[in-house]
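See below for the structure under consideration.
The values are calculated or read from the model by the stated rules, or taken from the named source; none is laboratory data. Remember, it's a predicted structure, so these values are computed and weren't measured experimentally. All Cβ positions, even for glycine, are placed from backbone atoms using ideal geometry, and neighbour counts span all protein chains on display. Accessible surface is based on the protein model in full, side chains and every heavy atom, while ligands, DNA and RNA are left aside. Shrake-Rupley method; radii C 1.70, N 1.55, O 1.52, S 1.80 Å.
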Amino acid sequence: MKKILFTIVLTLVSVCGFAQQTAGNELKKAPDFTMNDSEGKAVSLYEYIKGKKCVLIDFWASWCAPCRAEGKNVKAIYADYKDKGFTVLGVSMDTKEPMWRKAMTEEAYPWTQVSDLKGFKSTVCELFGFKAIPALYLIDGEGNVLAVNLRGEALHNKIAETLAK
């Protein structure tokens, strides 16, 4: 009985992980959206990406341990490529501003952070087609989606390849 239950749980975890990894893969062009940054200034995605070769849209939240773990990798990539046409736009799925601000301070992300503090009720979830985080969308300066949900070395390699063109 334990073996059957283990198999069912393992299957569900695998399916959920696959769903998260493939969510938004059919998206060809990132939809424009506008949210306020941590200073209250409106930031439009399409204005933000102008003049960039590639931009990583990082959907994350203060309470999401995998998001914050991947954030360390993204910081390293950012340090390597920020002067070569790459940047990041952090989009928080938090609902509590103090928690969002505390996480931003703790992580010291050097790129722009935005949020509407609506969590998964935010329209960006539907626009981008994701239901779980971290959700990472690599786009070019025109909003074309280059990759979805790459992590670690795969993300680093894709950014290096894109910037080498």
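Output the residue which, of all residues in the range 38-61 that are under 15 Å from ILE139 (Cβ atoms) and either in contact with a Phe, Trp or Tyr (Cβ under 6 Å, 6 or more places away or on another chain) or of a type in the set (S, T, N, Q) (or both), is surrounded by the fewest Cβ atoms within 10 Å (Cβ to Cβ). Result: SER44.
Only one residue in GLU97, GLU126, GLU153, GLU106 is free of Cβ contacts under 8 Å to residues at least 12 places away in the same chain and either on the phi > 0 side of the Ramachandran plot or in contact with a Ser or Thr (Cβ under 9 Å, 6 or more places away or on another chain) (or both), so which one is that? Outline the logic, then answer.
Values: GLU97 fails: free of Cβ contacts under 8 Å to residues at least 12 places away in the same chain; GLU126 fails: either on the phi > 0 side of the Ramachandran plot or in contact with a Ser or Thr (Cβ under 9 Å, 6 or more places away or on another chain) (or both); GLU153 fails: either on the phi > 0 side of the Ramachandran plot or in contact with a Ser or Thr (Cβ under 9 Å, 6 or more places away or on another chain) (or both).
Unique residue meeting the criteria: GLU106.
Of the residues VAL91, VAL145, the single one that is under 14 Å from the mean Cα position of the chain (by Cα), farther than 19 Å from ASN36 by Cβ, open to solvent by less than 50 Å² (accessible area, probe 1.4 Å) and modelled with pLDDT of 95 or more is VAL145. Checking each residue in the range 96-124 for being farther than 23 Å from GLY143 by Cβ and either crowded, with 18+ Cβ neighbours inside 10 Å or among the acidic types (Asp, Glu) (or both) picks out GLU97, TRP100, ALA103, GLU106, GLU107. Within the range 38-59, residues that are within 17 Å of LEU127 (Cβ to Cβ) have Cβ atoms under 6 Å from residues that are outside any loop (DSSP other than H, G, I, E, B) and open to solvent by 80 Å² or more (accessible area, probe 1.4 Å) in these pairs: ALA42/THR34; SER44/THR34, counting only partners at least 6 apart in sequence or on another chain. Would a scan of the range 121-133 turn up a residue that is more than 23 Å from GLU47 (Cα to Cα), outside any strand (DSSP E or B) and either among the hydroxyl-bearing types (Ser, Thr, Tyr) or more than 13 Å from the chain's Cα centre (by Cα) (or both)? Yes, the range 121-133 has at least one match.
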